[in-house]
1. Express as a percent, rounded to the nearest 5, the fraction of DSSP beta bridges in the chain (both residues included) that run antiparallel.
2. State to the nearest 20 debye the size of the charge dipole of region 82-230 about its Cα centre, where the only charges are +1 on K and R beta carbons and -1 on D and E beta carbons.
3. Run the numbers for Ala274 and Asp262: contour at 0.36 nm per residue of separation, minus the present Cα-Cα distance, in nm.
4. For helix 226-235, report the angle its Cα long axis makes with the longest principal axis of the Cα atoms of the chain; keep it between 0 and 90° and round to the nearest 10°.
5. If you place +1 on the Cβ of every Lys and Arg, -1 on the Cβ of every Asp and Glu, and leave all else neutral, what size is the dipole of the chain about its Cα centre, to the nearest 20 Debye?
6. Classify region 172-280 as rounded, prolate or oblate, taking a ≥ b ≥ c as the square roots of the eigenvalues of its Cα gyration tensor: rounded when a/c is under 1.5, otherwise prolate if a/b is larger than b/c and oblate if not.
7. What's the carbon and sulfur percent of region 5-168's accessible surface, probe 1.4 angstrom, rounded to a whole number?
8. Could you state the angle between the C-alpha long axis of helix 183-196 and the longest principal axis of the C-alpha atoms of the chain, as a value from 0 to 90 degrees rounded to the nearest 10?
Amino acid sequence: MTTTSVGIVGLGLIGGSLGLSLRAQGREVIGIAQREETCQLALARGVVDVASTQLSRLASAAVIFICTPIPAIAPTVKQLVPHLAPTTILTDVASVKQPILTAIAPLWDNFVGGHPMAGTAAQGITAAQADLFVGAPYVLTPEPQTPAASVAQVAALIESLGARLAYCSAADHDRAVAWISHLPLFASATLIAACEAEPEATVLALARQFASSGFRDTSRVGGGNPALGEAIARANREELLRVLYRYRQTLDGAIAQIEAADWAGLEQWLTATARARPDYLQTNPDSP
Ligand code: NAP
């Protein structure tokens, strides 16, 4: 147990889950929400020790996690800075790193970019869960000039969540997550939209009725927070387009094999994808 108090701005799925997990370890958590109703929920659910809509309440926090939606991160840091001691460490949880680092650089030196690779289809404080980060990768993207002691302090907090700590540059992060997080979101949303475009009402009704675990798994990330998807597309536009074009090209290849009735080629391709899949699930080997 430590007495270091931790601040969290934005008490939604990610901020709320951080609060639950950090408090379970005996840390004091000061939470900031934009609505009073969220403050009351956060206190009632044991997410925070102190809840407020005023950023000035974070003056005593040693480390502050910024967990607002992506567009609110830099404006929040700008409003927060006048209340901070020079030693305060800021970190964020945004799904995109390079634009955040660029926006924060002129505002605060003691900033460690971060991204937990964990989520659910639900959002808001009512979706928060204490074990959300257990076993999940949590990426930190320190810059060469980021104070090493600050990186170490944030890393220790991340490890205390039971997450699997990883490091890379912000640019490499944004390229990699375009493949395994942002492309799945848009592929999954496209799957739902394509089903919804079925012109025959009877077929559509049956499809909805028969949908089971396969559809649930493949549609989950496309059925989540629309504002987050839009913010990701804006912030990681170039990398997202790069992988979407490659995805379209790969899908065209599969269509061509089916059109050509190239069943042997199709089976070979599916054998290769089945062999490759476990390489992406190393951190969660129990996944089906
Ligand atoms: P969320 O559940 O919608 O929660 C966002 C919270 O931020 C809301 O509770 C809202 O508070 C609060 N908020 C909004 N604007 C604010 C402001 N200006 N000041 C203070 N609080 C503000 O969203 P989330 O899924 O936790 O996402 C938050 C961050 O986590 C994003 O940056 C996202 O990129 C990142 N992230 C998300 C996932 C995921 O799968 N969802 C995974 C990894 C990282 P009120 O209730 O008071 O309005």
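1. Values: 3 of 24 bridges.
Antiparallel bridges: around 10 percent, rounded to the nearest 5.
2. Details: 6 positive and 12 negative charges, 36 e Å.
For this selection, approximately 180 debye.
3. Numbers: separation 12, 0.36 × 12 = 4.32 nm, distance 1.83 nm.
Here the answer is 2.5 nm.
4. Computed tilt is about 90 degrees.
5. Values: 19 positive and 24 negative charges, 99 e Å.
Dipole of the chain, to the nearest 20 debye: 480 debye.
6. Working: a/c = 1.77, a/b = 1.10, b/c = 1.61.
Note, shape of region 172-280 comes out oblate.
7. Numbers: 3600 of 6540 Å².
Accessible surface attributable to carbon and sulfur in region 5-168 totals 55 percent.
8. 50
The values are calculated or read from the model by the stated rules, or taken from the named source; none is laboratory data. This is a predicted model, so every value here is computed, not measured. Cβ sites come from the backbone with ideal geometry, for glycine too, and all protein chains shown count toward neighbours. For the accessible areas, the whole protein counts, side chains as well, though only heavy atoms, and no ligand, DNA or RNA atoms are used. Shrake-Rupley method; radii C 1.70, N 1.55, O 1.52, S 1.80 Å.
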